[in-house]
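Student: Sharing a structure below in structure tokens format, with a few things to ask.
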Amino acid sequence: MMEALHNVLNFPILSLSIFLPLVGALYILLFVRGDEAARWSALAISVATFLVTLPLWLYFDTSTAHMQFEEKHMWIQAFNIHYRLGIDGISMPFILLTSFLTVVCVVSAWECITKRVKEYMIAFLVLETTLIGVFAAMDIVLFYIFWEAMLIPMYLIIGVWGGANRIYATIKFFLYTLAGSVLMLVALLAMYFKAGHTFDIQDLMAYAFDFRWQFWIWLAFFFAFAVKVPMWPVHTWLPDAHTEAPTAGSVILAGILLKMGGYGFLRFSLPMLPDASQYFVPLMVVLSLIAIIYISLVAMMQRDMKRLIAYSSIAHMGFVTLGTFMFTQQSLEGAMVNMISHGIVAGALFLCVGVMYDRLHTREIADYGGVVNVMPVFAAIFLVFAMSNVALPGTSAFIGEIMVLLGTFTVNKTVAILATISVVLSVCYTLWMYKRVVMGEALKDTVKSMLDMNAREIAYFIPLILLVVWIGLYPLPVLDVIHASVSHLAEQATTSKLGAANMLAQQAAEMASHAGGH
Amino acid sequence: MAEISFPFPFPNIWPLVPEIIVALAACGILLLDVFMPSERRHWSGFAAIITCLIAAAAGLSLSGPTQVEAFYGFFVLDPFAVFMKLLIYAATILAIVLSFEYMRNEQNIGEYYSLMLFCMLGMMLMVSASDFITMYLGMELMALCTYVLVAYQRDVLRSSEAALKYFILGALSSGLLLYGISFLYGVTGSTDFSEVGQALASAGPDARSAIVLGMVFLLAGLAFKVSAVPFHMWTPDAYEGAPTSITAFMSVAPKVAGFAILIRVMVDVMPSLQTDYVMIFSWLAVLSMAVGNLAAIAQRSIKRMLAYSTIGHVGFALLGIIAASASGYAAMLVYLSVYLFMNMGAFAIVILMRREGIQGELLDDFAGLSRVRPGYALAMGVFMFSLAGIPFMGGFWAKYAVFAAAIEAGHLYIALLGILFSVVGAFYYLRVVKYIYFDEERVAFNFVESLPMQATVAFAALVVVAIGIFPGPLMEICRAALGGIT
């Protein structure tokens, strides 16, 4: 029997969004010759994908937490695996963010990637396919497949186009993430057999796992998501990967890949394993606070700009995990907004570093100083994002952080106060870096020779600035989209499954005694 | 056992038609090669391929949904045998295509191909065996041909040494196997699989020590054939010393036949000993995964690396036996089918890398391949990611299926260990990709130009990706193939 699918467009728009970049990558692989042609075709394909994902937002029904734009086909009969897609308010923003940032990445790579342009564009388009797939998948195996397949293009992007120490960084990135996610594979296979041979995410949300199961599955998921977020102490791959990745690789890494971990907590840990999630709150809060405070201090001491922003990303993701595990409507919405905002802001900061790197080919803070004198436009744009990074009111990051803090405050005042320290610390490391790089006199000859941004560079910053300020001043459209889904999630996360699990166990025991009696 | 009376009626030979075809063709190729002018000696390779295709067609047309016996139950033809034979034909055909270029300058090429066919014949008998005698005969035929093939380049010291080592250890393992069979025969009075199985199930406790001893020796002998740790010592040397095309052949086809025998023995002979053999195989599997994946990291030669990788993959495939269920065996068949194509493809690239004097055997030789030959680089990338078990490659579903079966059977800890070793394994496959994509070219490449080889590489890569995207049909076929025996 086929259940009714919720899809207002009656058109497989999610499949189109997922596979259009892949088809485009194949097209470039087979038919496009020459660097310039590869750039333009990649731009055309990524823009087309962005346009295809726009209806997801325009036709999105904000009044329901139900999955939308659903598609469902049997994929592998032997394991009851479906090709099932669907999005709600939690996944939709990430899909748009992905398709949007991919366009930015393609444009930003226009001049700074000069070797193997064609392969670079192919890798980015394949990466886009896997990322949209992760957020659209509603079958947990399908999710896992996109989640792991993402490693291949990212491995190549860092390894081929990265900096001097790229091979160490990319192998570390790959193995860390793989080690985390294979545990998730074991967990989801165990869930499949426990929950009656289903991989459907909504069926698994509905199934009542008893506490012992929830405990172990939660831990397995935790390793997968914590590596991706990343949380202290499994964060050490991130600074290396960020530092060595090409600019656009860092943008996608900070903008989307880290969000996959946060999304995983929201999509799997909280609704499927509510009791284990409650049980592990102390652990998550402590790890989040360590990320927020300790990693902020580490960020302050960095001499490499990309490393600094990488550590700042870990600290900001600490806010996300903190908000996630407070389970209140406000803190969960704050975590979502924080992720969306950080995707834009961290991406933009990496692009800013990329602009400077393209000119001087160094990321050391000490090699700069007084950049404002030669690049006034750049200094202004950099300032906008530096201020967003410190969550200045009026920027998107402020909305996310204040919501997390408010939500946390209602639950636990001490934690909220400790988390607020990081607002001060983020000002320290961000503005101190800004001061050392941009302000002052341009003393070095190398700095004096820097040219200000060209039209192409300004062009890809403008939409980012608009987004940051728009969400900062008028966050309602974003909050509208996520509201219904988040309140459904908050309800799921705070409803214990143990009662239902006991019922199931009793039924099973009765069945067994009946069978034994006859 | 059926009553044999003289003069006995003419036996039903129809189920053996593929075997007969292969035997005749192997003899024919050997004879006719002598009369062929040297510039047309390559016909024997084509003839061998055509033989495989005819045998496959004959096997498919003869097979039905049920089990057919021949020679008083010494030989069976069932869907399982047909499926395993198809894998063996595929491996043989691919290995023959790989041999075309590799053996171009060798002497006595007809002998080489006819030995491959005899080797294949031995495997076909193993797969269809339903009696320890048939199994042993098939196994020895296969093993003797493999020894000779490993030593084929007899002027090369490394090759002869490898073959001698392989031969001595192989003879020892055959001894162990026979010793084990003799114990089981002593207890049960039969060599027929199902009769032994029934007798073992009803055997009293006083016979238990003899049964367990027999089982241990039998499994040790079989573990040697599939190179499971700790019976793997011969593998790296034999793989390194053999001609690369034979390495490719050995890394796949005998494993398929060996696993077929393992499944038959477990299902027909040892259902009553399940707890014992599951424990033995758990150790073999964990050790194989550990040794294979850890030792592969230290290798500088791609052939040795792939040898250890084979050992690791054998460990993964053994998870299916540990599960001891229909889904476990089906998972093994999926694993072997995918493994066949990804490993053959990887070896094809290794052979294509042959340079002046060097045969593309060091990992360093791959440096910068992606700039010179993006097509080969892409294919090798596909094979390596597939061997590492990354999704959208067939290798992922192979691992997925065996882990699912192991978890379903309740062996969660073994599955966890396996999955962690697969992460270790990912490291050395990634390193190959690193050489190909991240490093600069060091020495000028000098590729073998051969259309059949390029077609093989493309075909294998496409199969691996196709299974990665649509694994459903393969999984269904593998389950159906097991329909007759479990």
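Student: Can you give the Rg to Rh ratio for the stretch A:298-474, taking only C-alpha atoms and Rh from Kirkwood?
Tutor: Expressed as Rg/Rh, it is 1.01.
Student: From Cα pairs below 8 angstrom and at least 6 apart in sequence, can you work out the relative contact order of chain A, rounded to a whole percent?
Tutor: 15 percent
Student: Now for a different question. I need the Kirkwood Rh of the stretch B:271-344: take the reciprocal of the average 1/r across all distinct C-alpha pairs and report it in angstrom.
Tutor: 12.9 Å
Student: Taking neighbour counts of Cβ atoms within 10 Å as a proxy for exposure, in what order, fewest first, do B:40, A:307 appear?
Tutor: Listed from fewest to most nearby Cβ atoms, that is B:40, A:307.
Student: Now, a different point. Net charge near residue A:237, counting Lys/Arg +1 and Asp/Glu -1 over other residues with Cβ under 15 Å of its Cβ?
Tutor: On the way: positive: A:166, A:172, A:228, A:306, A:307; negative: A:240, A:244.
Charge balance in the 15 Å sphere: +3.
Student: Relative contact order, percent, of the stretch B:126-248 when contacts are C-alpha pairs under 8 Å separated by at least 6 residues?
Tutor: On the way: 139 pairs, mean separation 41.6, N = 123.
Taking the mean separation of contacting Cα pairs over the length of the stretch B:126-248, I get 34 percent.
Student: Provide Rg over Rh for the stretch B:327-448; use the alpha carbon set for both Rg and the Kirkwood Rh (inverse mean inverse pair distance).
Tutor: Radius of gyration over Kirkwood radius for the stretch B:327-448 works out to 1.07.
Student: At R0 = 30 Å, how high is the FRET efficiency between residue B:67 and residue A:77 if r is their beta carbon distance? Nearest 0.05 is fine. Intermediate values should be presented prior to the final figure.
Tutor: Working: r = 25 Å, r/R0 = 0.85.
Computed FRET efficiency for residue B:67 and residue A:77: 0.75.
Student: Tell me the net charge near residue A:29. Cut-off is 13 Å between Cβ atoms, residue A:29 excluded, with +1 for each Lys or Arg and -1 for each Asp or Glu. Each step should come with its number before you reach the end.
Tutor: Values: positive: A:33, A:116, A:118; negative: A:119.
Spelling it out: positives minus negatives among the neighbours equals +2.
Student: Would you kindly calculate the mean projected area, averaged across all directions, of the convex hull enclosing the Cα atoms of the protein assembly as shown, in square nanometres?
Tutor: 44.1 nm²
Student: Sticking with this one: Over all distinct Cα pairs, what is the inverse of the mean 1/r for chain A, reported as the Kirkwood hydrodynamic radius in Å?
Tutor: 23.3 Å
Student: Counting only other chains, what is the mean number of Cβ atoms within 10 angstrom of the Cβ of each residue in peptide B:402-414? Mind dumping the intermediate values first?
Tutor: On the way: counts 0, 4, 9, 1, 2, 8, 5, 1, 1, 0, 4, 0, 0.
Taking the mean over all residues of the peptide, I get 3.
Student: Ok, one more. Quickly estimate the mean residue ellipticity at 222 nm for chain A, helices only: each DSSP H run with n ≥ 4 gives -39500 (n - 2.57), and the total goes over all residues, rounded to 500.
Tutor: Here the helix-only value at 222 nm equals -23500 deg cm²/dmol.
Student: So if I take the centroid of the Cα atoms in the stretch A:325-365 and the same for the stretch A:1-47, what is the distance between those two points in Å?
Tutor: The stretch A:325-365 and the stretch A:1-47 have Cα centres spaced 26 Å from each other.
Student: What Rg and what Dmax come out for the stretch B:278-486 when only alpha-carbon atoms are used, in angstroms?
Tutor: When restricted to Cα atoms, the stretch B:278-486 yields Rg and Dmax of 17.4, 54 Å.
Student: Report P(r) for the stretch A:197-247: all Cα-Cα distances, bin width 5 Å, range 0 to the bin holding the largest distance, values in whole percent.
Tutor: 4, 17, 16, 19, 13, 10, 10, 8, 4, 0
Student: Using a 10 Å cut-off around each Cβ of peptide B:127-135, what is the average number of partner chain Cβ atoms that fall inside?
Tutor: Going residue by residue through B:127-135 and averaging, the value is 0.
Student: Please report A:345, A:424 as a ranked list, fewest other C-beta atoms within 10 angstrom at the top and most at the bottom.
Tutor: A:424, A:345
Student: Determine, for A:139, A:367, A:445, the number of other Cβ atoms within 10 Å of each Cβ, and report the residues in order from fewest to most. Before the final figure, lay out the partial values.
Tutor: Working: A:139 25, A:367 16, A:445 7.
Fewest-to-most Cβ neighbours within 10 Å comes out as A:445, A:367, A:139.
Student: Using the Kirkwood radius over Cα pairs, work out the Stokes-Einstein diffusion coefficient for the stretch B:372-437 at 4 °C and 1.567 mPa s, in µm²/s as a whole number.
Tutor: Diffusion coefficient, whole number: 102 µm²/s.
Student: Within the P(r) computed for the stretch B:241-308, what percentage of the Cα pairs occupies the region above 14 Å? Show your work: numbers first, answer last.
Tutor: Values: 1596 of 2278 pairs.
Within the stretch B:241-308, distances greater than 14 Å cover 70 percent of Cα pairs.
Student: Quick check for me: using +1 on Lys/Arg Cβ and -1 on Asp/Glu Cβ, what's the dipole size of the protein assembly as shown about its Cα centre, in debye to the nearest 20?
Tutor: 1780 debye
Student: Measure nothing fancy, just the Cα-based angle from helix A:140-149's long axis to the longest principal axis of chain A, in degrees from 0 to 90, nearest 10.
Tutor: So the helix axis and the longest Cα principal axis differ by about 30 degrees.
Student: Rounded to the nearest 0.05, what FRET efficiency is calculated for residue B:364 and residue A:44 with R0 set to 30 Å and r the Cβ-Cβ distance?
Tutor: Details: r = 40 Å, r/R0 = 1.33.
Result of the calculation: an efficiency of 0.15.
Student: Rounded to the nearest 500, what is chain B's calculated 222 nm mean residue ellipticity when only DSSP H runs of at least 4 contribute -39500 (n - 2.57) each, over all residues?
Tutor: Numbers: 19 runs with 352 residues, N = 486.
Value at 222 nm, helices only, nearest 500: -24500 deg cm²/dmol.
Student: Report the gain in length on full extension from residue A:30 to residue A:451: 0.36 nm times residue separation, minus Cα-Cα distance, nm rounded to one decimal.
Tutor: Values: separation 421, 0.36 × 421 = 151.56 nm, distance 3.75 nm.
Taking 0.36 nm per residue and subtracting the Cα distance, the gain is 147.8 nm.
Student: Would you mind getting me the FRET efficiency between residue B:161 and residue A:193? Use the beta-carbon distance for r and R0 = 41 Å, nearest 0.05.
Tutor: Computed FRET efficiency for residue B:161 and residue A:193: 0.25.
Student: Next up: Placing unit charges on C-beta atoms (Lys and Arg positive, Asp and Glu negative, everything else neutral), compute the dipole magnitude of the stretch A:298-474 about its Cα centre in debye, rounded to 20.
Tutor: Dipole size: approximately 200 debye.
Student: Return the distance in nm (one decimal) between the two label points of a simple spin-label model at residue B:462 and residue A:443, each offset 7 Å from Cα along Cα→Cβ.
Tutor: 6.5 nm
Student: Lysine pairs in the stretch A:298-474 with alpha-carbon atoms under 30 Å apart, 8 or more places apart or on different chains: how many are there?
Tutor: Close lysine pairs under the 30 Å cut-off: 5.
Student: Cα centroid distance between the stretch A:197-264 and the stretch B:22-95, in Å?
Tutor: 50 Å
Student: Oh, and also: Output needed for chain B: three equivalent-ellipsoid semi-axes, defined as square roots of 5 times the C-alpha gyration tensor eigenvalues, in descending order, whole Å.
Tutor: They are 35, 27, 20 Å, listed largest first.
Student: So for the protein assembly as shown, taking the charge dipole from beta-carbon charges (+1 Lys/Arg, -1 Asp/Glu), which of A:22, B:234, A:236 sits furthest toward the positive end?
Tutor: The residue sitting farthest along the positive end of the dipole is A:236.
Student: Can you compute the charge dipole magnitude of chain B about its Cα centre, using +1 on each Lys and Arg Cβ and -1 on each Asp and Glu Cβ, nothing else charged? Give it in debye, rounded to the nearest 20.
Tutor: Roughly 920 debye, rounded to the nearest 20.
Student: Also: So for each of B:151-161, B:327-337 I average, over its residues, the number of other beta carbons within 10 Å; can you give me the resulting order with the highest mean first?
Tutor: The most tightly packed comes first, giving B:327-337, B:151-161.
Student: I want to check the label-to-label distance for residue B:171 and residue A:297. Put each point 7 Å from Cα in the C-beta direction and report it in nm to one decimal.
Tutor: About 7.1 nm separates the two model spin labels.
Student: Now for a separate question. Considering the dipole of the stretch B:278-486 built from charges on the beta carbon (Lys and Arg +1, Asp and Glu -1) around the Cα centre, which of B:347, B:424, B:450 is farthest to its positive end?
Tutor: Highest projection toward the positive end goes to B:424.
Student: Can you give the mean number of other chain Cβ atoms that lie within 10 Å of the Cβ atoms in peptide B:213-224?
Tutor: Mean partner-chain Cβ count within 10 Å for B:213-224: 0.
Values in this text are rule-based calculations from the coordinates and carry no lab data. Bear in mind that the values here come from a model prediction, so they are computed numbers and not experimental data. For neighbour counting, all protein chains shown are included, and Cβ atoms are generated from backbone atoms with ideal geometry for every residue, glycine included.
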